[in-house]
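The values are calculated or read from the model by the stated rules, or taken from the named source; none is laboratory data. Treat the numbers as computed from the prediction; the structure is a model and nothing was measured. As a convention, Cβ positions derive from the backbone with ideal geometry for all residues, glycine included, and neighbour counts pool all protein chains shown. Just the protein is used for accessible areas: all its heavy atoms, side chains included, with ligands, DNA and RNA removed. Shrake-Rupley method; radii C 1.70, N 1.55, O 1.52, S 1.80 Å.
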Amino acid sequence: MVWAAISSKGIIGSFFREQMIGAAKYLGIMGEFVEIHYASEDHWNASWFLQDGARRHRNPVLFDFLSEPFNDRIIAFDYDKHTGSGMVLPPYSPDLTPCDFLLWGCLKDLVYRQTPQIIGELKHHISTACETIPSDTSVRVSEQFCLRLRHVVAANGGNFEKIVV
């Protein structure tokens with residue numbers, strides 16, 4: 001399993017785990033994410049955290065952990081039920097998140113050009129691919145994400161077709 005994130009500042013990660021990831025292990029990844037990449041930075045006041053709706057991503061311990069650095073600027077399934085704040089991730093919206101509409105496909109294209117044969121090579125190619133995605137791509141993806149959110153609001157949380165830029 002590989003975990004990574006994308007922000008307007010670039011790709012964050014990659015974090016690897018070779019075993020099944022339950023809620024406790026996912027919380028450990030989130031702890032590494034916060035400690036390594038944000039411990040000394042002061043941009044928490046403007047950052048929002050968005051995650052998909054995987055069951056292990058929806059538990060009270062994780063929500064409590066994320067509430068501290070993000071001050072309830074969280075978009076996630078069930079977060080609002082636990083905290084009474086934040087935003088609900090619209091259901092059935094896999095193309096809404098930047099990781100889903102860009103990062104995973106981009107990484108797959110970059111990694112499999114190399115045809116890795118063993119796990120070590122695969123990890124190396126994933127890490128290298130994360131480092132080679134240009135920073136202006138991250139900026140454009142963040143802008144597209146904001147545009148997608150405006151479309152969700154305009155559609156009152158419903159479906160919408162194509163976004164023309």
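Where does the Debye-calculated log10 I(q)/I(0) of the stretch 2-155 sit at q = 0.11, 0.18, 0.20 Å⁻¹, using only Cα point scatterers of equal weight, no solvent?
-0.45, -1.26, -1.51
Once the whole set of protein chains is in place, how much accessible area is left on M1, using a 1.4 Å probe, in Å² to the nearest 10?
It works out to around 90 Å².
What is the sum of charges, Lys and Arg at +1 and Asp and Glu at -1, for the other residues whose Cβ falls under 13 Å from the Cβ of H125?
Here the charged neighbours net out to 0.
What number comes out for accessible area per residue over the stretch 2-155 if the probe is 1.4 Å? Units Å², please.
Accessible area per residue: 57 Å².
Would you work out what percent of the accessible area of the stretch 2-155, with all protein chains in place, is carbon or sulfur (probe 1.4 Å)?
55
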